[in-house]
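Let me begin by presenting the structure, written as structure tokens, before commenting on it.
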């Protein structure tokens with residue numbers, strides 16, 4: 001039996017009066033949780049991005065403009081954001097497992113519908129449902145980590161999930177481009193359906209409920225209104241949510257524009273385009289891992305990491321813009337783009353740590369609002385690149401620059417770094 005080789009965590013083991021019950025897990029058990037929760041976290045980004053290399057093929061098959069194809073990406077991200085608003089508070093009320101499994105079931109059915117779609121309207125509708133169903137993985141995984149950990153251990157665990165959530169958007173097109181060598185675009189959605197089935201089975205066999213019944217009715221955090229009030233009245237949370245949303249919007253502006261910019265303008269093949277994403281994934285890895293080390297080993301507050309990374313975002317976006325105007329070509333875009341993506345890797349886990357650290361009683365609600373802001377705002381902003389045009393890197397860089405500027409303003413005028421409480425150990 002496969003369960004014999006995988007350390008199963010019991011509900012009794014997690015039941016504890018300790019502040020952080022996850023501290024009782026063995027190293028092997030933590031690895032199991034990292035792998036399964038990582039797979040849950042990656043479900044959303046893979047759902048959103050796996051089909052990006054197929055954009056030109058969809059454009060030809062359905063006979064529509066690139067901006068129309070990009071709307072299917074927007075629909076997925078809006079569904080993903082709205083789904084988190086539903087699933088997160090629901091998981092605070094009834095526990096984590098039930099919402100996770102039901103929403104993932106919706107995702108599987110929507111993947112089948114997308115694979116069978118025969119027009120762009122039908123595909124767009126099922127893409128919205130796909131996003132809604134995939135939302136559970138992201139929000140519940142983050143809430144489970146907060147159920148189990150706090151302070152510095154929370155930093156370590158969130159950095160691992162951030163690594164997955166950061167890598168998934170840039171690795172998904174790599175995998176998608178390889179899948180297109182052996183199947184058409186419809187096959188990508190069958191692969192996503194299979195992924196959803198694997199997720200449900202993994203949760204059913206190896207993930208126990210991390211939110212005890214007693215914790216669902218904590219005084220002052222019992223009702224939906226109380227949970228939303230606790231989160232939305234927190235000035236720091238609002239500020240970092242804006243930063244997260246703007247950073248994601250900058251990243252997804254690149255993701256939505258890149259299929260056309262690199263394949264149509266710079267004449268990349270789908271496989272070369274996938275290789276580009278593989279190289280850029282190193283930027284995410286670098287940023288996430290270094291930010292975690294800075295917070296954990298050198299005791300640097302996440303707000304100070306953000307204070308530097310957001311400036312780097314603005315500088316790199318400006319460099320792409322100026323280099324393109326100067327006619328520096330492909331390398332004038334690729335080099336600053338890599339550092340822009342690395343700065344995203346520094347920013348996103350720092351945002352999650354600040355946002356969740358003080359909201360243990362309403363972790364699902366906090367995670368849902370954070371995710372909804374990320375993907376909802378990004379879904380609304382990223383199509384602007386398509387409207388402005390994808391014949392040069394200028395529209396993409398302009399949107400990136402604006403989002404970075406908003407992040408800097410939010411940090412210094414809303415969050416106010418000196419007021420962010422220090423992490424405990």
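State whether region 309-348 is rounded, prolate or oblate according to the following rule on the C-alpha gyration tensor (a ≥ b ≥ c being the square roots of its eigenvalues): a/c under 1.5 gives rounded; otherwise a/b larger than b/c gives prolate, and the remaining case gives oblate. Before the final figure, lay out the partial values.
On the way: a/c = 4.69, a/b = 2.06, b/c = 2.28.
It comes out oblate by the Cα gyration axes.
Roughly speaking, what % of Cα-Cα pairs in region 93-188 are separated by over 15 Å, rounded to a whole number?
Numbers: 3209 of 4560 pairs.
Here the long-distance tail beyond 15 Å is 70 percent of all Cα pairs in region 93-188.
Does anyone have the angle between helix 302-325 and the longest principal axis of the chain? Alpha-carbon axes, 0 to 90°, nearest 10?
So the inclination is approximately 10 degrees.
Set the Förster radius R0 to 22 Å, insert the Cβ-Cβ distance between residue 234 and residue 418 as r into 1/(1 + (r/R0)^6), and round the FRET efficiency to 0.05. Before the final figure, lay out the partial values.
Details: r = 16 Å, r/R0 = 0.74.
FRET efficiency, residue 234 to residue 418: 0.85.
Residues of region 353-374 with amide nitrogen under 19 Å from the 7 Å Cα-to-Cβ point of residue 296?
353-358
Between residue 183 and residue 285, what FRET efficiency follows from the Cβ-Cβ distance if R0 is 25 Å, with the result rounded to 0.05?
On the way: r = 28 Å, r/R0 = 1.13.
Calculated transfer efficiency: 0.35.
Please label the shape of region 9-163 as rounded, prolate or oblate, based on the square roots a ≥ b ≥ c of the eigenvalues of the alpha-carbon gyration tensor (a/c under 1.5 means rounded; beyond that, a/b larger than b/c means prolate, else oblate). Show your work: numbers first, answer last.
On the way: a/c = 3.01, a/b = 2.37, b/c = 1.27.
It is prolate, given that a/c is not under 1.5 and a/b is the larger ratio.
Could you tell me which of rounded, prolate or oblate describes the chain, using a ≥ b ≥ c as the square roots of the eigenvalues of the alpha-carbon gyration tensor, with rounded for a/c under 1.5 and, failing that, prolate when a/b is larger than b/c and oblate otherwise? Please list the in-between numbers first.
Details: a/c = 1.77, a/b = 1.28, b/c = 1.39.
Oblate, since a/c reaches 1.5 and b/c is not below a/b.
Ranking 119, 49 by Cβ neighbours within 10 Å, fewest first, what do you get?
Values: 119 10, 49 24.
So the residues, fewest neighbours to most, are 119, 49.
Under a point spin-label approximation (7 Å from Cα along Cα-to-Cβ), what is the residue 60-residue 226 distance to one decimal in nm?
It works out to 5.9 nm between the two label points.
Bear in mind that the values in this text are calculations on the coordinates, not laboratory data. Note that the structure is a prediction, hence the values are computed from the model and not measured. Virtual Cβ from ideal backbone geometry, glycine too; neighbours counted across all protein chains shown.
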